[in-house]
Structures are given as C-alpha cells and as structure tokens.
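The values are calculated or read from the model by the stated rules, or taken from the named source; none is laboratory data. Bear in mind the structure is a predicted one, so any value in this text is a computation, not a measurement. Neighbour counts run over all protein chains shown; Cβ positions are idealised from the backbone, glycine included.
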Amino acid sequence: MGKLYDRLMKDYRLREGLNACINCGTCTAICPAAEFYRYDPRRIVDIVQHQDDAQIEELLKSDTIWYCGECLSCVTRCPRKNAAGLIIMALRSLSIQTGFFMESEKGRQMYLLCKDLNHNILNYGYCIYARAFKYDAHLEAGVVWQWVEKNIDEVFDRLGGNLDKEGPGAMRKIPQKDLDELKKIYDITGATEMLENVKNAGLKKAEELGLTEEEYCQKIYTECSPKHFNH
Amino acid sequence: MIYEGKKKIWAEYQKEIPEDHYFYVRSCIRQSFFPASEATFLDITRNKLGKDIFETEHHTTCGGIAYHSDTIPQETVMTIIARQFALMHKYGYENYVCSCITSFGLYCETMETWREYPELQQKIAENLWKSCHLEFAKPKFLVHASDLIFKYRMQIAAKSKYKLVNKNTGEPLRVVEHIGCHYSKMFPSKGVGGAEYPYVLVGMVEAWGGQIVDYPERRHCCGFGFRQYFIKGNRGYSLSNTHKKFESMEPFKPDMIITNCPGCPYFLDRWQYVIAETQGKTYGQDGHGIPVFTYEEVAGLVMGYDPWDLGLQTHQVSVEPLLDKIGIPYDPAKKYLGKNGKYLGEPQKPQCLK
Amino acid sequence: MKNNILVIGGGPAGLEASAVLSRMGYNVILAEKEKRLGGHLAKWDRLFPDQTPAKEVLDGLLDGIKDVKCFTETDVNSINLLDRSFNAMLSNGITILADAVLLASGFDMFKAEKKEEYGYGIYDGVMTNADMEQVFREGKTFSPAPKAIGFVHCVGSRDEKAGNPACSKVCCATAVKQAIETKELYPEANVYCFYMDLRMFGRHYEDLYLRAQKAGIRFIRGRVSEVAETSEGRLLVKAEDTLSSRPVKVTLDRLVLMAGMRPSEAGHKVGRQLNLSVEEDGFFSSRDGFLSLQKSKLPGLFYAGACTGPKTLPDTFHEARSAAMEIDRYIKENFRK
C-alpha cells in the first residue's frame, strides 16, 4: 500500500465510494464524459483499488481525472455500491494538494475556477452571481441574456427579485456579517489555504510562460487540446 | 410501454413530505436565471395555499457548485451546510426545503456521511461553533421544492385556470420531464418515485392534464458538468450532452419540457439556441425550439399567472406557440416592460431560432 | 413396517430423491405446492449443454415415482419435530407422521422487475429466461422476425444492490444455449450476450460457447447498465465493452434477462417453523460444507437441490441420490435397532 493511496483513504469520499470494483462497466456505459472524452471511469476505479502508487501518481498528473462532470449518474448503477464520481472527487482533491494538478491542461483550469467561484461566494454569498455572469464570456447565454444584462436591475425588479437589496429575496445583498462567517469557515476548514496554493501555482506558471495574469487566464479558459476527444 | 409497471415502482418509493412549516433556501442558479420561479413558488405556497414557508436573508449559497467544481474541500462545504441547517434551527424550523438540486443532493450526501462517520459530524459541529457561534442541528425532513409542488399538485389543479391540453384538439400536451441528476441518482429513496422512473414531475404533469413522453436519453444529464461548463475550453461536453438528449427526444415530438433542477432548464434552453444558430437545427415546430420550463413556471401557467410575471420573456426559446396551443392569453406589448411599465427595449433576434 | 418419509418439493431434487427412496422400500409422501410436478424443469423447453428436451428428463423422473404418494397444490401448513419423528399438517387436511423429512424446496427466480433500469414489466420487449423458455416450449415465434436480440447475464446475481452478491451458476450456460436457439430460429438476427465473466465450467459447456461463437453470436464483456424504449418501440441498451474500454449502445427488438436464483419463499416458510438456519445468501445452511452436505442441523431433516444454493440439474440429481442414501442410513441407525 503506497503513501498516495493512504492519503486517498483519509478522504471520506473514497472510503464511501470504493467498495471493491467488479469491472462490469455499468458506470462507463452511461457516463456523459465517457462518450465525449477518452475516458473510462471503470479504469480509474480499478487503478485506485490496485493501490499502486506509481499508477495513482500518473492519474493525479493526468487530464483523465478532470473529464468527469460530477453528475454522479454512475452511483445509481454500480452493483457493488461503488461511487466512481466520489472517487474522482477524492483524486482531484489529492491532485490539488500534491500540486500534480499543474501538470495537466485540465488540471491547470483550477486557477480560474477557484478564483471566480470563490470570489462570488466570499463577496456576494452566491456561487453564481447574476451581475457577474457576462454575456461576452457566455455568448451561449443568448441574446436574451444580453438584454437581461443590459437591464439587469429593471429585470430583477420586474420578476420579483431583490438584486443587491436589503432583506430576503432572489439575489439579495447578503449581510456582511454572514459573508464574514463564510470567510471564517473558509479559514478554519482549509479552503483559504487551498485557494492560496492554487493561486500561487498558477501565477508561478504564468511567470514561467512569460504571461500576464490576464493572458494566462485567457489561455487556460480557452485552451483545449484535440487529444482529449473521443471522436 | 406498460404504464402499470411504472406505477408499481412508484408505489415502492413513497417519500414522507410534511404538509407545512418549512425553512426555505434559495438556489444560486435559479435566483440568477429564474428569479420569478422562486417568487412564484413562494406566492403559490404562501398566498394561494396558505403555507408557512420562512426565508431569512442570512442564508447563503450551500457552496455546492464551488464544491463540485473541486474548488473547496469537503469539510468547507459541510460546514457551510451545517450553517444553513443551524439557521433553520435558530428560526424554529425542522423542515428544510431547498430550491436547488445540487444542494439537495449534497445535503443528502452530507447527512448520510455524518450518519456513517459520527466523528466527522462532531468535527463539523465544532467548526460551526468556532466560525459562526451557531448550534449544530439537522433537519427532521429534507425536501426539494419540487417535492412540495408535487405534494400540492392536486390543490394546484383544483385552483387551475388552464390545463396542459391542446385547446384545438383537446389532446393532452406531450411533455418531456427532466430530473436533475443529484435529485435521486445517489439516493433513490430520497426522491419521489426513485431514480429510474422519478414521479415527482410526472405526477405534476398528470395532475395538470398533460401526458408524459418517455424517450431513450431521458435519464441522461443535461451536461452542466460544473467545470465542463464554466471553462470555455470544456464547454463542448456540456453542449454535446444536451444535443444527445434533443436528438433522442425529437422523434417523440414533445410540446414542452419540464425540469426540477435550476441549471437544466438554462442549459436545455440555451444549447437549443446554440445548436440552431450554429447548425441551423431546431427541434420544435416551424423553426421554433421546444420550450423548457421550471416546475414553478408550469404551476404558474396552469394557475393563470401572467407569462411575463413568470419570467418567460427571459427564455431564449420562445414560449408563445405553446401559450397559444394551451390558450393562455398574453400581451406581446408587455413582454419587455420593466416593473413600472418602462419599455426596456427588445433583445436582438436570433438568426435562426424563431 | 415401512417408515414414512416426507419430501417437501416436487421439483427435480424432490422427484429424484422420492424415486430412490421409494425403490429402497420407504413409504414416500411428496408435497408440492404447484399444480404440476417438476418445478422449474416443467416450465423449461430444452436443457444445456446438449439441448436435451426438458420433457424427456421430467418424464424419466415421473416414471420413478409411481409408488410415491404425491399431493400437488399442497402446502405444508405446519411442521414440528416430536420425540424423534416429524408431525406435518398439509393444506389438504392430511396429517403425516414422518421419520425423516427431505426439504427440496428449490429456488424462486429473481424478480427481474427489481432491476428497474432494465425495464422488465415496463418496456414491452424485455423478457426473462423463463419467458423465453415458454416461448420455445409453446413453439411461438416473434412477429415480425426480430433483427436483433440480446441476452443479459447476471440479472439479480453478483449484485449487492439487488440483494444477491452470489453467482447463480446456471445463467451463463442458459444464456449461451438460448442465444444459439434464437439464432437457429432467426438466422438473420444479430444476437448479443452481455456478460461479465463467462462461467462455462461444466462438461461440454465450453463446446456450447464455441458453437455460439461459430454461429456468429456476439459476446460483449460488459454488464448492461440501462435499457430504454425508442420511438419505434425497440430497445436501446447501454453497456461498456470493457475489452475496448468504450461505451456501446445497441438497439434491439428483444432483451432477455437471465434472472438468477433466490431462496424459495415456500422453503423459508417451512424452515422458519423448524428453526432451520440460513446463511447470508438466504439459502439453508448444511451441517458442514464437505462431508454432511445433505444434512441439516436438525436430526432427521435433510436437504437436496437448490434450497442450499444455486445448482445445475446434474448437481441436483447427485444431491437427491446422496440425500436418499443419508436418509436410509439415518433410518437404519435410529429406527431399526
């Protein structure tokens, strides 16, 4: 049993999610990622259950572990009560802790995800904050969203929302005291430290590449190698 | 298809849903993209049905999207969840209703993990005290807001002005239901009707006069995939999964789609637009898309709410053909008005999608 | 004086044991809950590995029980151990005092509708192995001729979620046999077997597999994950081809589920009255796993056949004969001194 495997086993999601895989493939059969990417969740579970650190390290450095969409459809089907999705989540966390995430294109996307989502949480109290969801970055949100964005306060008023205002309601301004509590939760549960590490690793990489932070963000936001795809 | 077979399965998954007195928690995505749906939920439950649904401005995100994008540790998200539960307790409630499916799944998962690992629950309770000075508590009943509308479906039907029926032919509308993956795929017993043939939306549609259409990719994810959508380079994943669903449902000619997850209606609506604009392909009649609704919007429509009060003007797929089919009146001149009747201008027209 | 032996269950194990005991000179009383003798064998068309007609085997069994008192459509309402004999009250009102009892209660088929994702009882084209045998037995044909048929191994077997982690032993061979028979009926059809491991362990079973391969049956190493109905009423089946590590989707006209073996409910009813112990898999536990396989922990009560776990027919017949030998020894040692 290797050290990486030991660290994985400390993760409750692995303890819950790994219960001896029978290699039947019911997870892969219905996996939304498996049809799109070169991806087979069954293989990942099998590798982890072999407890071979060299193979686990390879996984942690790979793009493979970042293909899952965490829909957890695999959980319903496994005849052995495994949860491939939860095992992936534990692998991702370990990849971030060990810094191996920086060795894959999909892993490096962590920089942006950490930055944007947690900015929303810590500043507004939401994962998604309507005012920060920009049409320019999300053309697929449609011309109707372009219209919403242009008239966002009016639209929220019209639709019974309470955008950035006091009191309860949709997209209300969450009191600072509550945001402070979220920050304290981040501090004592390791989120602050994790976000800091991801940030530093990204900035270091940007520097190595001779890119400004903005250029680096643009690169990881759009970059997509054809090697990921199945077709 | 043997309908009786499904009924047997539905009979096996009976979820206990208390009648009244809930602590209500909002969804980040529903608030952002469907604020009127949450407003409608509260209006129906509180004002039309007289239920006690309490909301406090102090609740926050559950952190679920950040967690499922792998950007915060499990311990962090569990402590945020514990804070939400503690607020419920503080305000004197023991029934918890959430608007978000990601939250609902995460709450189920968290409570199950706490049950299995009491030392973890203890740690989270300590975290909660250290960070927020709140007393740890767990809901006695945890339900999704769609469970409640399911529970009230007959009362809603009794107050309805319209049915999900084609007014010209008298035929029930053909409705596709889409259940958020995190509703019952992890814990089938936590969902109304289980994981394979969930009944939560089927029950609403049947009560309101429509006819459910099953299709091969019914259970497939909409393709949100968290990071697979947020990062532009990954977005093909999201689009391709929605595309797969529409290709699969197309031969069944559905009139509309009803969803219970906040993200799914956004994706199923917007990716239809993208498919139309980039491929020239549309899935509805005469160049239209198939309109996608939240369950609150559908409840609102049958109860006679004004479509523009329900926020249907913020869908990209136009809803007017469906409103005409049911016979629901609407004023095109009021579609793009603000609260006080101020004209906000019109969105650009898509090139292809009508 | 002839000793009374009560045999509970008129399937292959009960019939064969009754025949042997009756030849030995015992007074055998057989109770069968169904209308017909023969158990699952009576519902089967042909048997693996050589497609022997099931009727031939059943007729052979019935020939042997001419001197056995058979009660069909008869349940054992109550049974208890007196001093050293068993007192059984049958549902037909008859009370029997037996010096030994053979429990040959066999198995129930796994209820395939429990695997909800396969849609048995929901999607019209989904059937079980038993349904398929009935089709063969009655000489029915599918119309229009199916273009593609699939067989799913391990339905309710090797499945913790379905409540049965164990292998049901006979399903692989049954699937391959039915696949060959299907291909013979519909040579133009594509026939698929979805399997995890092919457990073709018996004599001539591997030959059956070879025949299937030569007949062009496709073997996909992956468990079926999900079944759905298409707009034409066909079945869309999803699995992973684990040999190529790719998800596969196959559209079929029929899907045959190899429902596995579960302990018989009727057997449990008898077992509860006598406090017979069952193992984790729900089947009765023998006194030990090697030398006393046919003995229960209760003196005078014996087991034969699938009531102690999934078995093939030859296994069952071996057990029936050894149970008869054990009963004979028991009676001689305890009642004839």
Note on region B:199-233: residues in a helix (DSSP H, G or I) and at the interface with chain A (Cβ under 7 Å from one of its Cβ atoms) are B:R227, B:Q228, B:F230, B:K232, B:G233
How many residues of region B:160-213 are within 30 Å of A:N82 (Cβ to Cβ), of a type in the set (D, E, K, R) and more than 17 Å from the chain's Cα centre (by Cα)? The answer is 1
Only one of B:P321, B:P350, B:P254 is surrounded by fewer than 24 Cβ atoms within 10 Å (Cβ to Cβ), within 23 Å of B:V213 (Cβ to Cβ) and out of contact with any strand residue (DSSP E or B) (no Cβ under 9 Å at 6 or more places or on another chain), namely B:P321
- Message: Among the residues of region A:40-51, are any within 11 Å of chain B (Cβ to nearest Cβ) and in contact with a Phe, Trp or Tyr (Cβ under 8 Å, 6 or more places away or on another chain)?
- Response: no
Here the residues within region A:156-195 that are within 7 Å of chain B (Cβ to nearest Cβ) and more than 26 Å from the chain's Cα centre (by Cα) are A:F156, A:D157, A:R158, A:L159, A:G160, A:G161, A:G167, A:P168, A:P175
Selection from region C:102-115 of residues within 14 Å of another protein chain (Cβ to nearest Cβ) and not acidic (D, E) yields C:F110, C:K111, C:A112, C:K114, C:K115
Please verify whether B:F85 is among the hydrophobic types (A, V, I, L, M, F, W, C), in contact with a strand residue (DSSP E or B) (Cβ under 9 Å, 6 or more places away or on another chain) and under 18 Å from A:D180 (Cα atoms), treating the condition exactly as stated. yes
Task: Residue in region C:99-117 that is more than 27 Å from the chain's Cα centre (by Cα) and assigned to a loop (DSSP other than H, G, I, E, B) present - done: yes
Within region B:36-58, of all residues that are more than 8 Å from every other protein chain (Cβ to nearest Cβ), charged (D, E, K, R) and not in a helix (DSSP H, G or I), the one nearest to B:M154 (Cα to Cα) is B:K51
Within region A:121-139, the residues that are surrounded by 22 or more Cβ atoms within 10 Å (Cβ to Cβ), assigned to a helix (DSSP H, G or I) and of a type outside the set (A, V, I, L, M) are A:Y124
B:M1: passes all of (1) aliphatic (A, V, I, L, M); (2) within 21 Å of B:P198 (Cβ to Cβ); (3) within 13 Å of chain A (Cβ to nearest Cβ) but (3)
(1) closer than 25 Å to A:H138 by Cβ; (2) of a type in the set (S, T, N, Q); (3) in contact (Cβ under 8 Å) with a residue 24 or more places away in the chain all hold for A:N197 apart from (1)
Reported set for region B:89-102 where residues are touching a helix residue (DSSP H, G or I) at 6+ places or on another chain (Cβ under 6 Å) and either surrounded by fewer than 22 Cβ atoms within 10 Å (Cβ to Cβ) or in a helix (DSSP H, G or I) (or both) is B:I101, B:T102
Residue pairs qualifying under the 7 Å Cβ cut-off, at least six apart or on distinct chains, with the first in region C:166-180 being in a loop (DSSP other than H, G, I, E, B) and the second being hydroxyl-bearing (S, T, Y), are C:A166/C:S157; C:C167/C:S157; C:S168/C:S157; C:K169/C:T312; C:V170/C:T312
(1) over 24 Å from the mean Cα position of the chain (by Cα); (2) away from chain A (no Cβ under 14 Å); (3) assigned to a helix (DSSP H, G or I) all hold for B:L322 apart from (1)
Among (1) over 21 Å from the mean Cα position of the chain (by Cα); (2) within 14 Å of chain A (Cβ to nearest Cβ); (3) in a loop (DSSP other than H, G, I, E, B), B:V274 falls short only on (3)
In region C:116-135, anything away from chain B (no Cβ under 14 Å) and more than 11 Å from C:V256 (Cβ to Cβ) is listed as C:Q134
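Matching residues to (1) in contact with a strand residue (DSSP E or B) (Cβ under 9 Å, 6 or more places away or on another chain); (2) surrounded by 16 or more Cβ atoms within 10 Å (Cβ to Cβ):
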| position | (1), (2) |
| --- | --- |
| C:D241 | yes, yes |
| C:R272 | no, no |
| C:L276 | yes, yes |
| C:S286 | yes, yes |
| C:L291 | no, no |
| C:K297 | no, no |
| C:T308 | yes, yes |
| C:H318 | no, yes |
Practice item. Considering every residue within region C:185-193, establish whether at least one is closer than 27 Å to C:F283 by Cβ, touching a Lys or Arg at 6+ places or on another chain (Cβ under 9 Å), assigned to a strand (DSSP E or B) and hydrophobic (A, V, I, L, M, F, W, C). Key: yes
Those residues of region B:1-23 which are part of a strand (DSSP E or B) and either touching a Pro at 6+ places or on another chain (Cβ under 9 Å) or in the same structural domain as B:M204 (by TED's automatic domain parsing) (or both) amount to B:F23
Inset, instruction - May I ask you to verify whether B:T113 is under 16 Å from A:L86 (Cβ atoms), under 22 Å from the mean Cα position of the chain (by Cα), at pLDDT 95 or above and facing chain A (nearest Cβ under 10 Å)? - result: no
Of the listed residues (B:A125, B:A86, B:A66), the one being part of a helix (DSSP H, G or I) and facing another protein chain (nearest Cβ under 9 Å) is B:A66
Check your understanding: Taking C:F201, is it farther than 21 Å from C:K147 by Cα, assigned by TED's automatic domain parsing to the domain that holds C:M127 and out of contact with any Asp or Glu (no Cβ under 7 Å at 6 or more places or on another chain)?
Key -> yes
Answer yes or no as to whether B:A276 is buried (at least 23 other Cβ atoms within 10 Å of the Cβ), of a type in the set (G, A, S) and either assigned by TED's automatic domain parsing to the domain that holds B:C98 or in contact with a Cys (Cβ under 8 Å, 6 or more places away or on another chain) (or both).
yes
Cβ pairs under 7 Å, 6+ apart or interchain, first in region B:73-91 and free of Cβ contacts under 8 Å to residues at least 12 places away in the same chain, second surrounded by fewer than 24 Cβ atoms within 10 Å (Cβ to Cβ), ordered by first then second residue, are B:P73/A:S93; B:P73/A:G190; B:P73/A:M194; B:Q74/A:Y12; B:Q74/A:R13
Check on B:T79, facing chain A (nearest Cβ under 7 Å), in a loop (DSSP other than H, G, I, E, B) and β-branched (V, I, T): no
